Amino acid sequence: MLKRNLFNEDHEAFRDTVRKFIEKEIAPHHAQWEEGGIVPRELWLKAGAAGMLCCTIPEEYGGLGLDYLFDVVVFEEMARSGFTGPGFLIHCDLVATYIKSFGSEAQKKLWLPQMVSGEAIGSLGMTEPHAGSDLKAIRTKAVRDGDDFVISGQKVFISNGQSCDVLVLATKTDSAAGAKGVTLFLVDTSLPGFRRGKNLKKLGMKAQDTSELFFDDLRVPATAMLGEEGKGFDLMMTKLAQERLAQAIRSAAVAETVIDYTVAYTAERKAFGKTIGDFQNTQFKMAELQTEAAVGRQFVDRCIEAFMKGELDAVDAAMAKMWLSNMHCKVVDECLQLFGGWGYMWEYPIARAYADARIVKIAGGSIEVMKHIIGRQMFANYRPRHDGNVSAAGINPT
């Protein structure tokens, strides 16, 4: 494939550090964590000590002040490992980024050093039983009471939900105002009124804790507000492109990895007197998947470059998320087929990759929502001509 030009020597040296960390601290234990449905807090502290958490946080808040590509290295290597338990992406790319971008000085000084070290685990509380991709429809309420807000409601499908110490929580401070009634809060989960529900049993990503969360008249000070009252939806919209890019980064890395170990397997596995890789069907299929992975890689890397320049817009991010998610699922499905019955066995990485893959078409905005974003923009740019011709092609409809 075309050579990647994003990373320098420092990035690659860090990549080697991350790989060694995964091999030593995660690989020997991940199967056990899948059984328990959660990653121990000690891992977060070790990851923080290794410099793997929140790489872009400035030094004044306890971070290293590195560029976004260091976070990308962590996301890629975690994806390549197939170990989906540690919820580092949510913690670093979303929660810490929200606090860094929109938090007050006091909020940054309180939470960011703890997130860099792994002492405090971050989570994002947006999805509700009746509101997934449609964030305007959330029902969790925050009602002002003097200098405080009292929060009541429920969230679901919250990654890091069993572990989190700080939660970026989306609420409605004005139920009649639609998107303009959404307000974000930074919730300290040690406060009375915060309650964790059950750790949800999922199809895949079994070691990553995913929870219901409940807010029973949880009282937080007004200083816990993240940004301004009624501006929460706007803040969320500014970060969706970054979230969707991270999803695309993961999908690109997983697809490449799955292709690599499928080639290795089919090159040795024999049937009817020759290897599976000797069959034309296998070679044609793998050629198709390799080409799609290569195309996806170039698109993702271009989006990373655009993001680092502040030029990645919502439509480009939606296209990356949609295309890479579909490609990711296609690759793991068709590669599993080449493993035959062994591909259905949990001890084989392809089986776990298959189970873990399905969420990518849902998380961070469903594929259908991505199509809506892209299609809406396409038709918003259409302008009819006065002579009745189709402006884009100059074709007379008669």
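The values are calculated or read from the model by the stated rules, or taken from the named source; none is laboratory data. Owing to the predicted nature of the structure, the values given are computational and were not obtained by experimental measurement. When we count neighbours, we look across all protein chains shown, and the Cβ atoms used for this are built from the backbone with ideal geometry, even at glycine. Note: accessible area is taken over every heavy atom of the protein model, side chains too, but ligands, DNA and RNA are not part of it. Shrake-Rupley method; radii C 1.70, N 1.55, O 1.52, S 1.80 Å.
If exposed chymotrypsin sites (Phe, Trp or Tyr not before Pro) are those in a DSSP loop with at most 11 other Cβ within 10 Å, what is the longest stretch of the chain that has none? No qualifying site falls inside 1-271, the longest such stretch.
Amide H contacts of Gly197 (H built 1.01 Å from N, in plane; Pro and chain starts excluded): Glu212, Leu213, Phe214 sit under 5 Å, all sequence-distant by 5 or more or on other chains. For an R0 of 56 angstrom, estimate the FRET efficiency from the Cβ-Cβ distance between Gln283 and Ala176 and round to the nearest 0.05. For Gln283 and Ala176, the calculated efficiency is 0.40.
Distance from the Cα centroid of segment 195-227 to that of segment 326-345 is 33 Å (rounded to whole angstrom).
Looking only at Cα atoms, what is the convex hull volume of segment 182-324 per residue, in Å³? It would help to have the intermediate numbers written out before the result.
Working: hull volume 22.5 nm³, N = 143.
Considering the Cα atoms of segment 182-324, their hull volume per residue is 157 Å³.
Considering only Gly364, Val166, Met115, and ranking their Cα positions along the charge dipole of the chain that arises from unit charges at the beta-carbon of Lys, Arg, Asp and Glu, the one farthest toward the positive end is Gly364.
Would you mind working out the magnitude of the charge dipole of segment 130-282 relative to its Cα centre, with +1 at each Lys and Arg C-beta and -1 at each Asp and Glu C-beta, to the nearest 20 Debye? Intermediate values should be presented prior to the final figure.
Numbers: 21 positive and 19 negative charges, 127 e Å.
Its charge dipole is roughly 600 debye.
Were the residues from Glu228 through Met378 laid out at 0.36 nm apart, the gain over their Cα-Cα distance would be 50.8 nm.
Quick one: length gained pulling Ala31 to Arg139 fully straight, 0.36 nm per residue minus the C-alpha distance? If you can, show how the numbers build up before the last one.
Numbers: separation 108, 0.36 × 108 = 38.88 nm, distance 3.69 nm.
Full extension from Ala31 to Arg139 adds 35.2 nm.
Distance between the 7 Å Cα→Cβ label points at Lys330 and Leu6: 2.1 nm.
For segment 39-162, the dipole from Cβ point charges (+1 on Lys and Arg, -1 on Asp and Glu) about the Cα centre works out to 360 debye, to the nearest 20. Within the same chain, aspartates and glutamates fewer than 8 places from Lys180 are excluded, and of the rest, those with a Cα less than 17 Å from its Cα are Asp134, Glu228, Glu229, Asp234.
Once you've got the Cα coordinates, tell me which of Lys155/Lys231; Lys201/Lys270; Lys46/Lys172; Lys108/Lys309; Lys108/Lys330 are over 30 Å apart. Going by Cα-Cα distance, Lys201/Lys270; Lys46/Lys172; Lys108/Lys330 fall outside the 30 Å limit. Given a Förster distance of 22 angstrom, what is the FRET efficiency for Ala267 paired with Gln298, based on the Cβ-Cβ distance and rounded to 0.05? FRET efficiency, Ala267 to Gln298: 0.25. Quick one: net charge of Arg219's neighbours, Cβ under 15 Å, K/R +1, D/E -1? With Lys, Arg at +1 and Asp, Glu at -1, the net is -3.
Can you tell me the length gained on complete extension of the stretch Glu59 to Lys24, counting 0.36 nm per residue apart and subtracting the Cα distance?
Details: separation 35, 0.36 × 35 = 12.60 nm, distance 2.74 nm.
Contour length minus the Cα-Cα distance gives 9.9 nm.
Using the Cβ-Cβ distance between Asp216 and Lys274 with R0 = 51 Å, the FRET efficiency computed as 1/(1 + (r/R0)^6) comes to roughly 0.20. Rolling a 1.4 Å probe over the heavy atoms of the protein chains gives the chain an accessible area of 47 Å² per residue. Spatially, segment 263-290 and segment 233-254 are offset by 35 Å when compared through their Cα centroids.
Residues in segment 132-145 carry Karplus couplings, in order, of x, 5, 8, 5, 5, 8, 4, 10, 4, 9, 10, 10, 5, 9 Hz; the curve used is 6.51 cos²θ - 1.76 cosθ + 1.60 with θ = phi - 60°, and Gly or Pro positions show x.
For Phe149, the residues whose amide H sits under 5 Å from its own are Val220, Ala222, ignoring neighbours fewer than 5 places away on the same chain, with H placed 1.01 Å from N. Of the DSSP H helices in the chain, those that are both long (alpha-carbon extent of 27 Å or more along the helix axis) and hydrophobic (Kyte-Doolittle mean at least 0.0) are 232-268, 314-338.
Dividing the radius of gyration of the alpha carbons in segment 249-398 by their Kirkwood radius gives 1.13 for Rg/Rh.
Per atom type, the chain shows carbon and sulfur on 54% of its accessible surface, probed at 1.4 Å. The mean of 1/r over all pairs of different alpha-carbon atoms in segment 21-63, once inverted, gives a Kirkwood hydrodynamic radius of 11.6 Å.
Per residue, the convex hull spanned by the alpha carbons of the chain comes to 177 Å³.
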